[in-house]
1. Can you find even one residue in the stretch A:36-50 that is in contact with a strand residue (DSSP E or B) (Cβ under 8 Å, 6 or more places away or on another chain) and either at pLDDT 95 or above or assigned to a strand (DSSP E or B) (or both)?
2. Pick from the stretch A:117-140 the residues that are charged (D, E, K, R) and within 18 Å of the chain's Cα centre (by Cα): which of them is surrounded by the fewest Cβ atoms within 10 Å (Cβ to Cβ)?
3. Can you confirm whether the stretch A:88-105 contains a residue that is crowded, with 16+ Cβ neighbours inside 10 Å, free of Cβ contacts under 8 Å to residues at least 40 places away in the same chain, over 18 Å from A:Ser40 (Cβ atoms) and not acidic (Asp, Glu)?
4. What are the residue pairs meeting all of these: first residue in the stretch A:57-70, first residue under 20 Å from A:Ala94 (Cα atoms), second residue at pLDDT 95 or above and of a type in the set (Asp, Glu), Cβ atoms under 8 Å, and 6 or more apart or on different chains?
5. Here are some residues: A:Ala134, A:Ala94, A:Ala83. Which one is more than 10 Å from chain B (Cβ to nearest Cβ), in a helix (DSSP H, G or I), farther than 20 Å from B:Ile41 by Cα and out of contact with any strand residue (DSSP E or B) (no Cβ under 8 Å at 6 or more places or on another chain)?
Amino acid sequence: MTFPGFLFVSVVAALGHAATALAQVNLEINTPAIASLQASMQSRHGQLAPLYASGAVGLTRDGNVALRDASAVPLAQRQQVNALIAAENQDRAALYREIARANGRPEWEQDIRATFAQRWISRAAPGWYYQNPAGAWVRK
Amino acid sequence: MRSQRIAARLAGLAGVAALAGCVTINIYFPAAAAEKAADRIIDEVWQLKEGGAPATVKPAPKETK
């Protein structure tokens, strides 16, 4: 009779999964891929910080950055600022994806992005602009 | 004979239910852990931890989460 045996295996499997879920107290972020994205974003921040402060660039509700006020950037520099924004968003997308992957849960990418979106905004300096949940720009 | 068959069926159903339980448990997203991880990365990227950055006076180390 396989009935008790099968039931036992099922219960053990369920407990094993529950234990895995409970063990997940911290997210893994110490991987070479994440470290190098972090370093790349950190070195770019020197150029982005004045743009946040002037309101030219703001933090979006979906965890990216965007050109908010092009007129705050001299025409000659607009191309460069757009490239900066594109590079930053590329790194951010890769960061969210890498954190999900480092934790063996690629399907968490959007949750991680949403978490970061909130945290970037709540840790932003006074005077910086961010998008509220409706998508309108708000000055912090 | 017949009752053994039913028992086997029930065992099958129990197994499926247990496996479904696993899936449900694993969908859980650790929101608090994700916030902590995000904050650690943001500290690095925006250089908020080193004493310098005057624009980023932190209110209190503990936030209610």
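The values are calculated or read from the model by the stated rules, or taken from the named source; none is laboratory data. Note that the structure is predicted; figures quoted are calculated from it, not measured. Here Cβ is always computed from backbone atoms with ideal geometry, including for glycine, and neighbour counts include all displayed protein chains.
1. Yes, some residue in the stretch A:36-50 is in contact with a strand residue (DSSP E or B) (Cβ under 8 Å, 6 or more places away or on another chain) and either at pLDDT 95 or above or assigned to a strand (DSSP E or B) (or both).
2. Within the stretch A:117-140, the subset charged (D, E, K, R) is A:119, A:123, A:139-140.
Retained after the next criterion (residues that are within 18 Å of the chain's Cα centre (by Cα)): A:119, A:123.
On the way: A:Arg119: 19, A:Arg123: 17.
The residue in question is A:Arg123.
3. Looking for residues that are crowded, with 16+ Cβ neighbours inside 10 Å, free of Cβ contacts under 8 Å to residues at least 40 places away in the same chain, over 18 Å from A:Ser40 (Cβ atoms) and not acidic (Asp, Glu), one finds at least one in the stretch A:88-105, hence yes.
4. That search, which allows pairs on different chains as well, returns A:Asn64/A:Glu88; A:Val65/A:Glu88.
5. Going through A:Ala134, A:Ala94, A:Ala83 in turn, the sole match is A:Ala83.
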